[in-house]
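Comments concern the structure below.
The values are calculated or read from the model by the stated rules, or taken from the named source; none is laboratory data. No experiment lies behind these values; they were computed from the predicted model shown. Note that we place each Cβ from the backbone using ideal geometry, even for glycine, and neighbour counts take in every protein chain shown. The area values use the complete protein model at the heavy-atom level, side chains included, leaving out ligands, DNA and RNA. Shrake-Rupley method; radii C 1.70, N 1.55, O 1.52, S 1.80 Å.
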Amino acid sequence: MAKVEKWVSDFVRTAIALKASGLRTSNDNNLFVQIDTEELGSRLKANGGLKEMMSYVAQADNFSIRSTWESSPTAIKTLQEMRAEKNA
């Protein structure tokens, strides 16, 4: 991936931190367990989810925390797996 502007990586890092914190990021009333932000970021970097999210934010005219996550099925699966591990 070409050099990405700092604001893109800052936004994606914030999106990851918010999801890892378990905070509600949509209007569905689901509450989630908190997971390790650094571990989530490391897994996303290793499996390509981070790259997908950053590419999306860099190219999209309009984006949100939710749409950034929805841009990467890999990232969603990773988040769900980590939540399941924490709940086990």
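What the table below lists for this structure:
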item	result
Per-region count, the range 53-66, residues under 15 Å from Ser9 (Cα atoms), part of a helix (DSSP H, G or I) and of a type outside the set (Phe, Trp, Tyr)	7
Failed item, numbered, when Leu23 is tested on (1) assigned to a loop (DSSP other than H, G, I, E, B); (2) open to solvent by less than 50 Å² (accessible area, probe 1.4 Å)	(2)
Within the range 24-65, considering residues that are of a type in the set (Lys, Arg) and touching a residue at least 24 places away in the same chain (Cβ under 8 Å), the one farthest from Thr78 (Cα to Cα)	Lys51
Residue that is under 16 Å from Gln80 (Cα atoms), out of contact with any Gly (no Cβ under 6 Å at 6 or more places or on another chain) and in a loop (DSSP other than H, G, I, E, B), where the choices are Leu40, Leu50, Leu44, Leu31	Leu31
